[in-house]
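See structure below.
The values are calculated or read from the model by the stated rules, or taken from the named source; none is laboratory data. It should be emphasised that the depicted structure is a prediction, and the values quoted were computed from it without experimental measurement. Cβ placement follows ideal geometry from the backbone for every residue including glycine, while neighbour counts extend to all protein chains displayed. Heads up: the accessible areas ignore ligands, DNA and RNA and are worked out on the full protein's heavy atoms, side chains in. Shrake-Rupley method; radii C 1.70, N 1.55, O 1.52, S 1.80 Å.
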Amino acid sequence: MLEAQKIYLDNLIKIRESIQSINVNPAITEKLQNMEAIITDTLLIVPVIGAFSAGKSSLINSFLGTTDLSVGITPETALATELHYATDNKVEAIKVNGE
């Protein structure tokens, strides 16, 4: 979660908690909860697009400080690839049919 998301989320929670003690239309509380869920579930997506052997994997490896994506003269990342933060390294492949 980005720092800006945390700030917005903290403020929404404070607002929702502070209006609980007064008689506020329940629809407002529900809208605040919906906004909290939207902020929590929003991801930052950064597409990296370039020509064959342009250094996309090298750039990402450099940015992350790892060598998780293979690099070479031949196409190494021939499929669309998504990276997500996790505490442990793993690879998950999904076939075209969803398996």
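Within the range 54-67, residues that are of a type outside the set (Gly, Ala, Ser) sit with their Cβ atoms under 6 Å from residues that are surrounded by 11 or more Cβ atoms within 10 Å (Cβ to Cβ) and in a loop (DSSP other than H, G, I, E, B), at 6+ positions apart or across chains, in these pairs: Lys56/Val48; Ile60/Leu69; Asn61/Thr67; Asn61/Leu69. The number of residues in the range 49-87 being part of a loop (DSSP other than H, G, I, E, B), under 27 Å from Met1 (Cβ atoms) and open to solvent by 90 Å² or more (accessible area, probe 1.4 Å) comes to 9. Would you call Asp41 over 29 Å from Val96 (Cα atoms), out of contact with any Leu (no Cβ under 8 Å at 6 or more places or on another chain) and of a type in the set (D, E, K, R)? When the stated conditions are applied, Asp41 does not pass them. So which residues in the range 1-27 are over 30 Å from Leu79 (Cα atoms), open to solvent by 80 Å² or more (accessible area, probe 1.4 Å) and out of contact with any helix residue (DSSP H, G or I) (no Cβ under 7 Å at 6 or more places or on another chain), if there are any at all? Glu3, Lys6, Ile7, Asp10, Lys14, Glu17, Gln20, Ser21, Ile22, Asn23, Asn25, Pro26, listed by residue number. Here is the figure for the range 88-99: residues that are under 30 Å from Lys6 (Cβ atoms) and among the acidic types (Asp, Glu) total 2.
So, of the residues in the range 1-51 that are within 21 Å of Glu82 (Cα to Cα) and polar (S, T, N, Q), which turns out to be modelled with the highest pLDDT? Among those residues, the one meeting the criterion is Thr40.
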